[in-house]
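Read the structure below first, then the notes.
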Amino acid sequence: MMQKMYDWVDERLNITPMWRDLADHEVPEHVNPAHHFSAFVYCFGGLTFFITVIQILSGMFLTMYYVPDIINAYESVKYLQNEVAFGSIVRAMHHWGASLVIVMMFLHTLRVFFTGAYKKPRELNWVVGVLIFFVMLGLGFTGYLLPWDNTAYFATKVGLQIADSVPFIGPYAKMLLTGGEIVGAQTLTRFFAIHVFFLPAGLFALLAAHFVMIRSQGISGPL
Amino acid sequence: MAKQDKDATFVGDSRVSAKRIPNISPSYSDFPGKTEPFWPNFLLKEWMVAAVCLVGFLILTVSHPSPLTDKANPNDTSFLPLPDWYFLFLYQLLKYPWAAGDWVVIGIIGIPGIAFGALMLAPWLDTGKERRPSKRPVATGLMLTALVAIFYLTWTANDQANHLKHKSGGEGGGGTPPAAAAPAPADSSFKADAVWKAQASCMGCHGGNMEGGMGPNLQKIGSELDATQIADIIKNGKGQMPPGLIKDDAEIQKLAEYLASLK
């Protein structure tokens, strides 16, 4: 039955080559922890992606309850945390996952750096990876404000003050992010939009580029 | 469009070739060592690693609910502002006098700009063929130095924040700060002396009438600290407060004596 359905689709769209390309790329021995335990350092990239997927899924569920305005934001998070079934777990996954994704990405960056995997011909993938790092930091910064509690508010205030003191572009960047003179209603909606639409869009594009490049170049050889 | 083989046949009027490719995995015996296919062999192992991590992660989420402090209150002067932990090292950098005040450009653009710029351009800065860390000592050394610096700065920032929280009796990270955090509630009728009004660098954090802001309320500071202690704090800083905001010793003495007289 499944085979018949597959053949039916395959006849019309020729999906086998795509599927074989995905399934058959070879995993060399030196990156396989089953053969060399020390190769676990090669897992960090995959784990970063895994936690990113957790972040995307838990974030999607959080937006079902979250209300991005200064009157209701805090109340909606509190409701989610205390009243909604498993709400505190979903929120905790998103909260701790945000830290964990930074940690994993940091370890992945170090692995790539110390194995010299960024060298020719993989320069472009390294640059894309560093850009992903910056996007993740941006996601962390904008997401931190959303619960609209004191921790969030003052952290953002400090962050924006620091942005403000950057020469020339600082005041403009701060104005763009706050949307006014103070950290207030405009700031919250802007951070929400950036956190939920702008940065994820950038992240998906960069991740796609990252993976396409890995697939076309293959993983770097043993040291 | 690519040139089509004249004999090629297609499915209907589409561009999909009528020729089928068998859906079977090729032999991996030609590959060096113990190379294996991604699907399903390696993905299964990868998933096992991920599952172990997922279990650990879920235990963390269940045992440590994410914190939620009181609703944002811009007027809460006792709250210790602190960025998320992975920004602490950048934040701590700005506390050093050589990277703050007049030199803030160094702390904000100079050092982070060079560090992250070098990270981004690493493939063009380290162009040698050698990949082993021990064979490229400059790259390895610089990265290790950066790591030590990041760990040190994060640790120091956290340490100072904990110290400050402990001192004030409150906890900036969560919960309601106890009354001890705000020893003197702001007195709106309090008017600061000209000695205070002359110090723009103090008013920025402690307020035009010492009612507090980023820094604590100082309207009754004399009941807690004497002039020598106050002068020491002005000179050397304390917690969030950067040292050396006032350079002139006589001025520090004048200000410290005035503050100590407030009871």
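The values are calculated or read from the model by the stated rules, or taken from the named source; none is laboratory data. Just so it is clear, the model here is predicted, and its values are computed rather than measured. Positions of Cβ are generated from backbone atoms using ideal geometry, with glycine treated the same way; all protein chains shown enter the neighbour counts.
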Of A:160, A:110, A:146, which residue is at the interface with chain B (Cβ under 9 Å from one of its Cβ atoms) and of a type in the set (A, V, I, L, M, F, W, C)?
-> A:110
Within region A:130-143, how many residues are in contact (Cβ under 8 Å) with a residue 40 or more places away in the chain and at the interface with another protein chain (Cβ under 7 Å from one of its Cβ atoms)?
-> 1
Would you check which residues across region B:206-253 are touching a His at 6+ places or on another chain (Cβ under 8 Å) and closer than 17 Å to residue B:193 by Cα and list them?
-> B:212, B:217, B:218
Under the condition of being within 7 Å of chain A (Cβ to nearest Cβ) and among the hydroxyl-bearing types (Ser, Thr, Tyr), which residue from region B:60-90 is nearest to residue A:75 (Cα to Cα)?
-> B:69
Those residues of region B:35-59 that are more than 16 Å from residue A:92 (Cβ to Cβ), more than 9 Å from every other protein chain (Cβ to nearest Cβ) and among the β-branched types (Val, Ile, Thr) come to a total of 1
Of those in region B:5-61 that are under 15 Å from residue A:22 (Cβ atoms) and among the aromatic types (Phe, Trp, Tyr), the residue farthest from the chain's Cα centre (by Cα) is B:39
All conditions in (1) facing chain B (nearest Cβ under 9 Å); (2) out of contact with any His (no Cβ under 8 Å at 6 or more places or on another chain) are true of residue A:4 except (1)
Hey, any hits in region B:126-133 for a residue that's facing another protein chain (nearest Cβ under 8 Å) and closer than 29 Å to residue A:188 by Cβ?
-> no
Over region B:63-105, the set of residues more than 28 Å from residue A:97 (Cα to Cα) and among the β-branched types (Val, Ile, Thr) is B:77, B:104, B:105
Does residue A:74 qualify as being assigned to a helix (DSSP H, G or I) and touching a strand residue (DSSP E or B) at 6+ places or on another chain (Cβ under 7 Å)?
-> yes
Within region A:62-81, restricting to residues that are facing another protein chain (nearest Cβ under 9 Å) and without any contact (Cβ under 8 Å) to a residue 12 or more places away in the chain, the one that is surrounded by the fewest Cβ atoms within 10 Å (Cβ to Cβ) is A:75
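Please work out if residue A:58 is free of Cβ contacts under 8 Å to residues at least 24 places away in the same chain and either assigned to a helix (DSSP H, G or I) or under 17 Å from residue B:67 (Cα atoms) (or both).
Details: free of Cβ contacts under 8 Å to residues at least 24 places away in the same chain: no; either assigned to a helix (DSSP H, G or I) or under 17 Å from residue B:67 (Cα atoms) (or both): yes.
So residue A:58 does not fit the description; no.
Which one of these is more than 30 Å from residue B:106 (Cα to Cα), touching a residue at least 40 places away in the same chain (Cβ under 8 Å) and aliphatic (A, V, I, L, M): A:199, A:207?
After ruling out the rest, the residue left standing is A:207.
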Yes or no: residue B:185 farther than 22 Å from residue B:91 by Cα and at pLDDT below 80?
-> yes
